[in-house]
């Protein structure tokens, strides 16, 4: 009962803060939500892999970087818009991910977790070094008119393209929810995630499920990589920082809680945008990320101890 | 006894002949994963090839041994050790980032070999660590120090406003990346422009460091309504920042970028039109400068790509300056070489005759002036120094369509 009351009060406080921000500084809401969309769309595939296959994929950002380069190469070679290149890129990244899983990650599943971390860390370095050799470290960026699309309300003009990441994050969350609850493969994946040995006993092909989920996550990473290319410059080291951010968002949300990643990203995006409004606090925008993750994880462990 | 003396003389003579025929070894240190170092070292190799094709120096061929410093101070220091003790190089060239250069200085001082530095603008760190003459006399710094750059920009904007009275600058806004490069730019801007102009600024997290959201910084800039908007960041910020500025309808009179390099194909983007930049060289100079054209044609013929950064002609110049000095000195011995380098007068592809003179601390500073350029129709045009201009500036920065 008390917990329900706290939840209601928190929701009301959140709604009040939202309205106050919309009146006082609407740009905090606009840019904070856009940034949250970017964070969430990159973190959600990691949430799927971590929740089901239980692997902290430290090459997550590098896979996204490789996908962005693939979409870039396709666009340059054929003149294809990255939004169309997104489909073949997602398919190719998925296949690539499946091969990587079969050849490397699969062999480390039963090894201690440290081995998996080292393996995926090594994969990440390999991917960025190969990209460096193939494409050099020089930055690449496609110039696309629609990226500068904007809306003007009174004195305020703001870009609207980045809302595409919000849409992508919501679509992935809804799609995954439907997949995990309405399809046989999805239900099997949830079962494998909860108890692989039990799932195997009831006849689920655990290895096939792991491979499928990894390939599905990589397909999403591929699609996000192509979307990322529309907004950002790409270079071999571009993915690295997103691995850490994605991992922390998944941890904040709780492993296996895909909608929670959306909420955690929103909290992070809005907090960063809020701090950047104040000249003296701009430098703190990066630190808020660590403060939030420490606060959430500490709060959760205290709650668990209490219960 | 006579036989022993004859034998020793013969051995010594043979060694002398072998030494005379052996190549002169130059140790080059650049960050090879970065376009500046990659093209800088390639341009140095081009210069070596051209000199060797013309008969070498003092009847000997030049040999350039390149080591990657990976933009790290420890790797850079290890590179000096390796080049001097293992490869036994006669002289050292190269350098880009100040941090890496700082790491080399103890080893430079330990061995005292002549150094022609192509990078490192950080006077507060590198020049300070080198110290005054005579301890740093082995060091010939080609790249301008940060205060040289700042002073030349100030001089440049004064000259441009005098030449083009419609260009008026009163308010300057500096957007600077949160790292050391951006912060040092902000400190320099406040000192150099603070007295005569109204200056404001805001930091942003560069895309190169995992950032890439410029909204709050651009909002601050838009509210300030600057006549001159300068951003000090990296190539990864160039187009995304312009796209966001366009979306926010931010139209400063002058929009200027000061990254160390530009992204591939920046000039082909419509957004690049009339963006200004600080630099030292542009292919447009080929139209007015023979040395620039010779360098450019040679580079394109050898590497099948265009030099994308001024570190290429700068490193090319470093090798020619060194070769001329060795020729003049008649030896690679340090004292004689320093004396010959002091008398350098080299007509460089960078559009100026390079000589060495005293800077704030060290005795041998090469280039002191940078250039103000503008992207026009996809290529960088020099608009200042006025005597080297290849185009007149387009002003104001066009309103977004």
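Per-residue mean of other chain beta-carbon atoms within 10 angstrom of the beta-carbon, peptide B:271-278?
1
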- [ ] Springs between alpha-carbon atoms under 10 Å, Gaussian network over chain B: tell me which of B:134, B:385, B:23 tops the mean-square fluctuations.
- [x] B:134
Task: FRET efficiency, 1/(1 + (r/R0)^6) with R0 35 Å, evaluated for residue B:391 and residue B:339 via beta carbons - done: 0.25
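Could you put A:192, B:126, A:206 in order, starting from the residue whose Cβ has the fewest other Cβ atoms within 10 Å?
The most exposed by this proxy come first: A:206, A:192, B:126.
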Task: Cα gyration tensor category, rounded, prolate or oblate, for the stretch A:6-64 with a/c compared to 1.5 - done: oblate
Task: Acute angle (nearest 10 degrees) that the helix B:2-21 long axis makes with the longest principal axis of chain B, alpha-carbon atoms - done: 20 degrees
Open item on the list: Running a GNM on chain A with Cα contacts under 10 Å, which residue among A:277, A:255, A:53 ends up with the highest mean-square fluctuation?
Closed with: A:277
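Arranged by the count of other C-beta atoms within 10 angstrom, fewest first, what order do A:302, A:83, B:350 take?
A:302, A:83, B:350
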Task: Where labels lie 7 Å past Cα in the beta-carbon direction, separation of residue A:17 and residue A:178 in nm - done: 3.2 nm
TODO: Please give the average number of partner chain Cβ atoms lying within 10 Å of the Cβ of each residue in B:234-240, rounded to a whole number.
DONE: 6
Task: Debye equation applied to the C-alpha atoms of the stretch B:190-243, log10 I(q)/I(0) at 0.17, 0.19, 0.26, 0.29 Å⁻¹ - done: -0.58, -0.70, -1.08, -1.21
TODO: Evaluate the stretch A:162-307: find the radius of gyration of its Cα atoms, find its Kirkwood radius, and give the ratio Rg to Rh.
DONE: 1.02
- [ ] Starting from the Cα coordinates of chain B, work out the convex hull volume and express it per residue in Å³.
- [x] 136 Å³
Open item on the list: Along the Cα→Cβ direction, 7 angstrom out, place labels at residue A:117 and residue B:200. What is the inter-label distance in nm?
Closed with: 4.6 nm
Open item on the list: Just to be sure I understand: of the beta bridges DSSP finds with both ends in the protein assembly as shown, what percent are antiparallel, rounded to 5?
Closed with: 35 percent
- [ ] Would you mind calculating the relative contact order of chain A from Cα pairs under 8 angstrom and at least 6 residues apart, reporting the percent as a whole number?
- [x] 36 percent
Open item on the list: List residues of the stretch A:49-76, by number, whose backbone nitrogen lies under 17 Å from a label position 7 Å along Cα→C-beta of residue A:300.
Closed with: A:49-57
- [ ] Label the stretch B:130-192 by shape, choosing from rounded, prolate and oblate, from the square roots a ≥ b ≥ c of the eigenvalues of the Cα gyration tensor; if a/c is under 1.5 it is rounded, and otherwise prolate applies when a/b is larger than b/c, oblate when it is not.
- [x] oblate
TODO: Using every pair of alpha-carbon atoms in the protein assembly as shown, split the distances into 20 Å bins beginning at 0 and state the percent of pairs per bin, rounded to integers.
DONE: 16, 43, 30, 9, 1, 0
Task: On Cα atoms only, tilt of B:180-193 relative to the major axis of chain B in degrees - done: 70 degrees
- [ ] Using a 10 Å cut-off on Cβ to Cβ distances, tally the other chain neighbours for every residue of A:281-291 and report the average as a whole number.
- [x] 2
Open item on the list: So, R0 is 41 Å and r is the distance between the beta-carbons of residue B:399 and residue A:87; what FRET efficiency does that work out to, to 0.05?
Closed with: 0.65
Open item on the list: Ranking request for peptides A:152-161, B:92-101: highest mean number of other beta-carbon atoms within 10 Å first, then the rest in descending order.
Closed with: B:92-101, A:152-161
Task: Alpha-carbon centroids, the stretch B:338-391 and the stretch B:254-293: separation in whole Å - done: 16 Å
Task: GNM top mover of A:111, A:67, A:263 - chain A, alpha-carbon springs below 10 Å - done: A:111
Open item on the list: Considering only C-alpha atoms, what is the centroid distance from the stretch B:164-226 to the stretch B:115-138, in Å?
Closed with: 28 Å
- [ ] State the dimensionless ratio Rg/Rh of the stretch B:132-247 (Rg: radius of gyration of Cα atoms; Rh: Kirkwood radius).
- [x] 1.04
Task: Residues in the stretch B:362-401 reached by a label modelled at residue B:161 [backbone nitrogen below 18 Å; 7 Å Cα→Cβ] - done: B:372-373, B:384-386, B:393-397
Open item on the list: Need one number: nm distance between label points at residue B:180 and residue A:125, each 7 Å from Cα along Cα→Cβ, rounded to one decimal.
Closed with: 2.3 nm
Open item on the list: What FRET efficiency comes out for residue A:7 versus residue B:170 if R0 is 56 angstrom and r is the Cβ-Cβ distance? Round to the nearest 0.05.
Closed with: 0.55
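For a footprinting-style exposure proxy, rank B:172, B:264 by other Cβ within 10 Å, fewest first.
B:264, B:172
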TODO: Name all residues of the stretch A:10-40 having a backbone nitrogen under 20 Å from the label point set 7 Å from the Cα of residue A:171 along its Cα→Cβ direction, giving them as ranges.
DONE: A:33-40
Open item on the list: Based only on Cα atoms, what mean projected area does the convex hull of the stretch B:287-401 have, in nm²?
Closed with: 10.1 nm²
- [ ] Using a/c under 1.5 as the rounded threshold, could you call chain A rounded, prolate or oblate? The axes a ≥ b ≥ c are square roots of the C-alpha gyration tensor eigenvalues, and prolate needs a/b larger than b/c, oblate otherwise.
- [x] oblate
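Rule-based calculations on the coordinates, nothing more; no lab input. Nothing here was measured: the structure is a model prediction, and the numbers come from that model. Note that each Cβ is placed from the backbone with ideal geometry, even for glycine, and that neighbours are counted across all protein chains shown.
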